[in-house]
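Have a look at the structure below, then the notes.
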Amino acid sequence: MQELLYEIDRGYDEALTWSKDALRQLQKPYGKLQNIDMRDINRLNKPELASLLSRSLHYMDELMGYVREMRNSASGVQNDLIESQKQVISVQKELSDCKSKLLETLKDTVKSSVVDSVKSEFQTYSSIVEKSQPKEQVISPQTLQSVVKHVVQEEDRSHNVILFGLAEENDSELSKTVSDVFQGIGQKPKIVETCRIGNKSRTSQASVRPVKVKVSSSIVAGQLVANARNLRNVEKFKTVFVCPDRSPEQRQIHRDLVKEMKERASKETGKTFFIKDGQISFRDKIASNG
């Protein structure tokens, strides 16, 4: 294509020189080539007319050659464009197939997780029933419904985290504020839903309602909780805490653990206590050299 453009520029320069010579022979001002008529042509002698006609035919032939080459180039560009479009469509199809496979895998994983949870709950309830009831008695429909409901609630809750201490300044942009909090600990999760929990206090302006945040998966929720301790290094959000979305029973267990941890910490001042995986753990404090 570059060579063709070069040839067109060269042909244009030659044609420009020829047009100047022709106008000079016809005693016409430069730039008025379109005003030439038969009377002007008749004033030329035979050699001059032959030269003019010969050069005209020569440039006409060159012009036709340029047109053919440009048409071929345009055809080549069109073919390349069609091929590129085919490749784009192929890549889009591959991405769509990968997305479908990923969704199917995710569905199977969630289904398997729910089934395993249901089986675990069934085994727990079955063991209780076997110990407390005659063997011929079966699980009642009400018990079965309760088990399934419990499993579904636990699965749904595992996608949530709770933010405490997030000021109620502009809740019209609550999702953006929550995103800023997570970005402060190097996380950019897909946020499905955000909302304040409870009714806003009319008497206390200092009371701040917690925020429930639903993310795309329980794995993402776990990562947010695991990295939440880094918020202490973010000046704007150092008073914000991120916790799992616990059931009422789990919250009571956690409160009891916190109470016990504080009691042990007051007695064993040389250790740092913390809660991990539902148990109280500790490590020795590093002695100061100062």
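The values are calculated or read from the model by the stated rules, or taken from the named source; none is laboratory data. Predicted model, so just to flag it, every value in this text is computed and none were measured. Virtual Cβ from ideal backbone geometry, glycine too; neighbours counted across all protein chains shown. Keep in mind that these areas ignore ligands, DNA and RNA; they rest on the heavy atoms of the full protein, side chains included. Shrake-Rupley method; radii C 1.70, N 1.55, O 1.52, S 1.80 Å.
Flag not set for E263, criterion: open to solvent by 50 Å² or more (accessible area, probe 1.4 Å), touching a strand residue (DSSP E or B) at 6+ places or on another chain (Cβ under 7 Å) and either without any contact (Cβ under 8 Å) to a residue 40 or more places away in the chain or part of a loop (DSSP other than H, G, I, E, B) (or both).
Would you confirm whether or not the stretch 198-214 contains a residue that is assigned to a helix (DSSP H, G or I) and open to solvent by less than 50 Å² (accessible area, probe 1.4 Å)?
Pass one, the stretch 198-214, residues assigned to a helix (DSSP H, G or I): none.
No, the stretch 198-214 contains no residue that is assigned to a helix (DSSP H, G or I) and open to solvent by less than 50 Å² (accessible area, probe 1.4 Å).
Considering each residue of the stretch 222-240 in turn, at least one proves to be farther than 24 Å from G278 by Cβ, among the polar types (S, T, N, Q) and outside any loop (DSSP other than H, G, I, E, B). When G198 is tested against (1) touching a Pro at 6+ places or on another chain (Cβ under 8 Å); (2) modelled with pLDDT of 90 or more, just one condition goes unmet, and that condition is (2).
Here's the yes/no breakdown for (1) without any contact (Cβ under 8 Å) to a residue 12 or more places away in the chain; (2) buried (at least 17 other Cβ atoms within 10 Å of the Cβ):
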| site | (1), (2) |
| --- | --- |
| F164 | no, no |
| N170 | yes, no |
| G184 | no, yes |
| N227 | no, no |
| H254 | no, no |
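Looking at the stretch 272-290 only, could you name the residues that are in contact with a strand residue (DSSP E or B) (Cβ under 8 Å, 6 or more places away or on another chain), within 22 Å of A228 (Cα to Cα) and outside any loop (DSSP other than H, G, I, E, B)? Explain how you work it out, then say what you get.
Looking only at the stretch 272-290, we keep the residues that are in contact with a strand residue (DSSP E or B) (Cβ under 8 Å, 6 or more places away or on another chain), and these are 272-275, 280-285.
Filter once more, so that each one left must be within 22 Å of A228 (Cα to Cα): 272-275, 280-283, 285.
Within the stretch 272-290, T272, F273, F274, I275, I280, S281, F282, R283 qualify.
Residues that are at pLDDT below 75 and in contact with a helix residue (DSSP H, G or I) (Cβ under 9 Å, 6 or more places away or on another chain) were ranked within the stretch 147-162; the one that is surrounded by the most Cβ atoms within 10 Å (Cβ to Cβ) is V151. Can you find even one residue in the stretch 165-184 that is touching a Lys or Arg at 6+ places or on another chain (Cβ under 7 Å) and of a type in the set (S, T, N, Q)? There is no residue in the stretch 165-184 that is touching a Lys or Arg at 6+ places or on another chain (Cβ under 7 Å) and of a type in the set (S, T, N, Q).
In the list K93, K28, K86, which residue meets the criterion of being surrounded by 10 or more Cβ atoms within 10 Å (Cβ to Cβ), out of contact with any Leu (no Cβ under 9 Å at 6 or more places or on another chain), modelled with pLDDT under 70 and over 24 Å from D9 (Cβ atoms)? Sole residue among the options that is surrounded by 10 or more Cβ atoms within 10 Å (Cβ to Cβ), out of contact with any Leu (no Cβ under 9 Å at 6 or more places or on another chain), modelled with pLDDT under 70 and over 24 Å from D9 (Cβ atoms): K28.
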